[in-house]
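Below is one structure; the comments refer to it alone.
The values are calculated or read from the model by the stated rules, or taken from the named source; none is laboratory data. Note that the structure is a prediction, hence the values are computed from the model and not measured. All Cβ positions, glycine included, derive from the backbone under ideal geometry; neighbour counts span all protein chains shown. Note: areas computed on protein heavy atoms with side chains; ligands, DNA, RNA excluded. Shrake-Rupley method; radii C 1.70, N 1.55, O 1.52, S 1.80 Å.
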Amino acid sequence: LCRKYMLYLRQEYNHIMPLSTENKILTKIKKAKRGALFFTSDFTQFGNAKAVSKALQRLVNKREIHRVARGIYAHLRKSEFGGFVYPGADDIAKAIARKDRAKIIPTGSMAMHLLGLSTQVPLKVVYFTDGSPRKINLGKQTILFKKTTPKTLAIRGELSQLAIQALRELGKDYTTDIEKEKIIELLKKEKKTHLVHDMRLAPVWIQEIMRKALDDE
């Protein structure tokens, strides 16, 4: 009976008293899917920047939410092994791109990793972008956004983007036949119109590899 009465009082208190900035933020975060990423700017309707930052820090201290990187937060999913599932660098990069309404393309070793040409997750992840250049620290790992030309970002196909950047990283004289064959097989899954368009934007030696995906098809 006492427990029910205390619950009643709490409900009445919450009904009478307006929600704090902290509670408003937590309510919004918990309504989203576990693992969704949030930025400090997502909560400006609940208070000024200073109030929001302090509220987020209190929630982190209470372990209600997790700080993924500076200014980036999440209500993480729990792992089957008892810990938490943190978002990967690519998930964070895509979330930043959506927030900034910017285009991004993974480059170098990250492109190779996403294509399955390398099992090693790079410690320094580089993305070309038309947004603001910046560096995000994720513990030992960093994400670097670098400005690039409109031509580089004009590539339409996601697989085409990755293939071109991976091949650039490998180099013309160092790409093995096995790697070429794997990339060709992956490019066969690309939309044909995208592949035809993107091929024209690639270096000649990469065009030859991309053309084989069309010829084989």
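Quick rundown of the values:
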{"quantity": "Ranking by accessible area, most exposed first, for Thr44, Thr175 with a 1.4 Å probe", "calculated": "Thr44, Thr175"}
{"quantity": "Cα pair distances in the chain, grouped into 5 Å bins until the bin that holds the longest one, percent each", "calculated": "1, 6, 12, 14, 14, 13, 10, 8, 7, 5, 4, 2, 2, 1, 1, 0"}
{"quantity": "Relative contact order, percent, the chain [alpha-carbon distance under 8 Å, six or more residues apart]", "calculated": "13 percent"}
{"quantity": "Theoretical ellipticity at 222 nm over the chain - DSSP helices of four or more residues, -39500 (n - 2.57) apiece, nearest 500", "calculated": "-15000 deg cm²/dmol"}
{"quantity": "Degrees, to the nearest 10: 177-187 long Cα axis against longest axis of the chain", "calculated": "60 degrees"}
{"quantity": "Between 0 and 90°, nearest 10: helix 158-170 axis offset from the chain longest Cα axis", "calculated": "60 degrees"}
{"quantity": "Subset of Lys124/Lys146; Lys99/Lys189; Lys31/Lys78; Lys147/Lys191; Lys99/Lys146 violating a 19 Å alpha-carbon distance limit", "calculated": "Lys99/Lys189; Lys147/Lys191"}
{"quantity": "Selection from Ile178, Ile92, Met199, by position along the positive dipole direction of region 90-217 (Cβ)", "calculated": "Ile92"}
{"quantity": "Under 20 Å from Lys188, Cα to Cα: aspartates and glutamates that are on another chain or at least 8 residues apart", "calculated": "Glu158, Asp177, Glu179, Asp198, Glu208, Asp215, Asp216, Glu217"}
{"quantity": "Volume per residue that the Cα convex hull of region 98-217 spans, once the total is divided by residue count, Å³", "calculated": "107 Å³"}
{"quantity": "Residues whose placed amide H lies under 5 Å from that of Phe84, excluding near-sequence neighbours", "calculated": "Ser79"}
{"quantity": "The chain: angle of helix 2-16 to the longest principal axis, Cα-based, in degrees nearest 10", "calculated": "70 degrees"}
{"quantity": "Equivalent ellipsoid semi-axes, region 108-158, via Cα gyration tensor eigenvalues times 5, rooted, Å", "calculated": "20, 17, 6"}
